[in-house]
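Working notes, structure below.
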Amino acid sequence: MRIRAFQGLRPTPESATKIASLPYDVVNTAEARELAAGNPLSFLHVVRAEIDLPEGTDPYSPEVYAQAKAALTRLEAEGGLQRESEPCLYLYRQQMGEHVQTGVVGVFNIEDYENNLIKKHEKTRKAKEDDRTALNRTLSAHPGPVFLTYKGEQAIDGIVDKITAEKPFVQFTAPDGVEHTVWRVPGGSELVEAFKTVPVAYVADGHHRSASAARVGAERRAANPSHTGDEDYNWFLAVAFPGDQLNVLPYNRYVHDLNGRTPEQLIAEISKVCEVTEGASPEPAAYGDVSMYLDGKWYGLKFPGGESDPISRLDVSRLQDHILAPLLDIDDPRTSEKIDFIGGIRGTKELVKLVDNGGGVAFSVYPVTVDQLIDIADADAIMPPKSTWFEPKLRSGLFIHTF
């Protein structure tokens, strides 16, 4: 793997706690507006810039990207964000309860992404990829890091342990209770060398961010007759964590309607393809079990199994292949407007609220494992969209790569 130090923008230690924000794709516009209220330093003013425009503004309109550019310029002009004095890597540690993960922050090469040395496991949704592409293009910056994982290397672990024994550059606890700690690594040559022993990395979270970075990099490459390959647009911002440190939560499904069926009719149809039991736990106890919330009740679903390939064995694939597509008309979940994906951090109570208030049906799944993700990516296969939800989420605004 090629990793490089970069001379980007970052908060001052004093401003970090106010600037750092949740990533753009885990909050909607109303939630982002509420979180940023009274805090002009919040990076949500950049990654969710529609919050500073009139309500009802199309979040994909040119005005939003112009507003994001103005917000980023303002944060730097007012001193909340500062240009790093020299190229650096960083170590980024997150602690959520008892869970701790420590990643290496740097820039990774878009050619490695294009050549599948950085492997993917999901397709992207066009609207979201176009949105992040427009934002990166307008900002000439990557405002949020891609979340990469790799099979752990003892040499890298040893370097990380040595650096994290020193005093951190930034340390704060966010309002959600997650502790964030950052160490500066000027030059980062020891880590750059150590990463050369890592054969491949995997996009754990951030397929739209990585795809948009590659698109904008390719645009800049094509437009530059003096292109050398060393320019900053050839690199994208990411944090790489060893796979054995990751915490994967389920990515649940909410379908808006029953496709013309009554609850009783839907249960009867589902009973033809899997075992259905009433009174199940909202959270499946094991891989192979799915819980369904319908008409005020939880049901347990158990599929017969026996699939031969790693994709079809996934619970989200079984759900898609046997229920969502044939019974609920969700032929392509990437583009269908009849389905919403609900991150596991919101819990199953969110599924109950959605169904009780809006009708339809919700499905709670057991989380995919990191080993399953790696096996599927190594096979150059693609998971169903929104199969994995990683926590804690990487904060935006702590590291900004400009190009």
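The values are calculated or read from the model by the stated rules, or taken from the named source; none is laboratory data. Bear in mind that the values here come from a model prediction, so they are computed numbers and not experimental data. Every residue, glycine as well, gets a Cβ built from its backbone with ideal geometry; the counts of neighbours run over all protein chains shown. Side chains are part of the model used for accessible areas, which takes the heavy atoms of the whole protein and leaves out ligands, DNA and RNA. Shrake-Rupley method; radii C 1.70, N 1.55, O 1.52, S 1.80 Å.
Just so you know, the Cα atoms of the range 286-403 work out to an Rg and Dmax of 16.0, 52 Å. A simple packing score, the average count of other Cβ atoms within 10 Å per residue, orders the peptides 155-163, 187-195 as 187-195, 155-163, with the highest score first.
The C-alpha atoms of the range 1-113 occupy a region whose extents along the principal axes are 43, 34, 32 Å, arranged from largest to smallest.
Remark: the range 3-8, residue by residue, has Karplus-estimated 3J(HN,Hα) of 10, 9, 5, 9, 10, x Hz, where x stands for each Gly or Pro and the curve is 6.51 cos²θ - 1.76 cosθ + 1.60 at θ = phi - 60°. Taking only the Cα atoms of the range 115-196, the ratio Rg/Rh comes out at 1.03, with Rh defined as the Kirkwood radius.
Peptide packing for 291-304, 75-88 was compared via the average number of neighbouring C-beta atoms within 10 Å per residue; ordered from the highest value, the list is 291-304, 75-88.
Putting +1 on Lys and Arg Cβ atoms and -1 on Asp and Glu Cβ atoms, find which of 316, 12, 396 reaches farthest to the positive end of the dipole of the chain. The Cα lying farthest towards the positive end belongs to 12.
3J(HN,Hα) couplings calculated from phi for the range 356-373 with the Karplus curve 6.51 cos²θ - 1.76 cosθ + 1.60 (θ = phi - 60°) are, in sequence order, 5, 8, x, x, x, 8, 10, 10, 10, 10, 7, x, 5, 8, 4, 4, 5, 4 Hz; Gly and Pro show x.
For the range 152-220, the extents of the C-alpha atoms along the principal axes are 40, 36, 22 Å, listed from largest to smallest. Quick one: check the C-alpha center-to-center distance for the range 104-137 versus the range 72-93, whole angstrom. A separation of 22 Å, based on Cα centres.
Under a 5 Å amide H cut-off, with hydrogens placed 1.01 Å from N, residue 81 pairs with 76 among residues at least 5 apart or on other chains. Mind running the shape call on the range 198-352? Use the C-alpha gyration tensor, a ≥ b ≥ c as the square roots of the eigenvalues: rounded below 1.5 for a/c, prolate if a/b tops b/c, oblate otherwise. Cα axes put the range 198-352 in the prolate bin. Using only side-chain charges placed at the Cβ, +1 for Lys and Arg and -1 for Asp and Glu, the dipole size of the chain relative to its Cα centre rounds to 640 debye. Computed about its Cα centre, the charge dipole of the range 189-309 is approximately 300 debye, with only Lys, Arg, Asp and Glu carrying charge at their Cβ.
Karplus-derived 3J(HN,Hα) values for the range 240-256, using 6.51 cos²θ - 1.76 cosθ + 1.60 with θ = phi - 60°, are 10, 10, x, x, 6, 9, 7, 10, 9, 10, x, 10, 8, 10, 10, 9, 5 Hz; glycine and proline are entered as x. Round to a whole angstrom and tell me the spacing of the C-alpha centers of the range 257-289 and the range 292-366. When both Cα centres are located, 9 Å separates them. Solvent exposure of the chain amounts to 42 Å² per residue of accessible area, where only protein heavy atoms count and the probe is 1.4 Å. Using only alpha-carbon positions in the range 71-126, the gyration tensor eigenvalues give semi-axes of 27, 21, 15 Å once each is multiplied by 5 and square-rooted (largest first). Sorted into 10 angstrom bins from 0, the C-alpha pair distances of the range 131-278 split as 8, 24, 28, 18, 12, 9, 1 percent.
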